[in-house]
Amino acid sequence: MVSGIGIGELVVILLILLVVGGGLVGLVVLGIVLSRRGTENGGASREAPPAPARARDVMFFLRFEGRDDETYVRDLAARHATIRSATQAREAALDVVRAAPTATHAFCGPATAAPNGPGLAHTGLSGGVVLGFLVRGTRPLDTVADDSSLTSVVAELRKVSAWVDSDFAGAELRLAQTAIDAPAPPLAAVRKETRPGHQLCRYCGEAFLAHDTRCPNCGGRVSA
Ligand SMILES: [Zn+2]
């Protein structure tokens, strides 16, 4: 039978084999790639969100807007222009905690993200003032994974306000210059409901003070 096949037919059969074989190899490769992608995506979605970085040097940036807040924050920065002890770091941190609930934008992360220090912040917003607070611990300190949660940022500030002498390696608090292209991490807009002492209206979504029993925006009553 083989002898009955001409050269032309052999070439045709060979071409068909090549096409079919190539196609099969292609399908197998495609299958492997797709299955890998699937496990990569699936693996990522199953994992918990990334834990916030820890660092000995941690930077806080808080932005405030409005005449009263800005005056308060300027005075605050002037009062704590020199921090040389754990006591002074505690007092500075406590003052920042007190001011923090009205912050509009925030950042808390490893200081390596802001090589120019607390005096230069990354924001393109006009108006307002930005407070930069660099704290140096003797041990790795926690930072915040979600900077839009003011509650989380304030929680880290509270830890500094409880420092003992052995925790203190340094601290610096000042008003920051701002620039859109500053070599510093961008501040995140604070989610209103994460402001300490605030709650979120379940009818209209507006944030208001935790002790109010009615939403000042829509009049919705807070259920017990
Ligand atoms: Zn409401």
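The values are calculated or read from the model by the stated rules, or taken from the named source; none is laboratory data. This structure is a prediction, so every number in the text was calculated from the model and none was measured. Cβ coordinates were reconstructed from backbone atoms using ideal geometry, including for glycine residues, and neighbour counts include every protein chain displayed.
Restricting the search to segment 101-119, which residues are surrounded by fewer than 19 Cβ atoms within 10 Å (Cβ to Cβ) and part of a strand (DSSP E or B)?
Of everything in segment 101-119, just one residue is surrounded by fewer than 19 Cβ atoms within 10 Å (Cβ to Cβ) and part of a strand (DSSP E or B), namely P110.
Quick check: is even one residue across segment 196-217 away from the ligand (no atom under 16 Å from the Cβ), without any contact (Cβ under 8 Å) to a residue 24 or more places away in the chain, within 29 Å of T82 (Cα to Cα) and of a type outside the set (A, V, I, L, M)?
The answer is no; no qualifying residue exists.
Between A111, A86, A106, which is in the same structural domain as D165 (by TED's automatic domain parsing) and either touching a Cys at 6+ places or on another chain (Cβ under 7 Å) or over 17 Å from A145 (Cβ atoms) (or both)?
Within the list A111, A86, A106, the selection yields A86.
Looking at segment 190-224, which of its residues are closer than 16 Å to V154 by Cα and surrounded by fewer than 12 Cβ atoms within 10 Å (Cβ to Cβ)?
Listed by number, the list holds a single entry, G197.
May I ask you to list the residues in segment 180-207 that are more than 29 Å from R90 (Cα to Cα) and assigned to a strand (DSSP E or B)?
L200, A207
If A182 satisfies every condition in (1) in contact with a helix residue (DSSP H, G or I) (Cβ under 7 Å, 6 or more places away or on another chain); (2) away from the ligand (no atom under 16 Å from the Cβ) but one, which is the exception?
(1)
Do you know which of the residues in segment 120-153 that are under 18 Å from A179 (Cα atoms) and of a type in the set (V, I, T) is surrounded by the most Cβ atoms within 10 Å (Cβ to Cβ)?
Per the criteria, the residue is V130.
Out of (1) surrounded by 12 or more Cβ atoms within 10 Å (Cβ to Cβ); (2) among the small types (G, A, S); (3) within 12 Å of the ligand (Cβ to nearest atom), what's the single condition that is false for A169?
(3)
Could you go through segment 67-89 and let me know if any residue there is within 21 Å of the chain's Cα centre (by Cα), modelled with pLDDT under 95 and surrounded by fewer than 17 Cβ atoms within 10 Å (Cβ to Cβ).
No: segment 67-89 contains no residue that is within 21 Å of the chain's Cα centre (by Cα), modelled with pLDDT under 95 and surrounded by fewer than 17 Cβ atoms within 10 Å (Cβ to Cβ).
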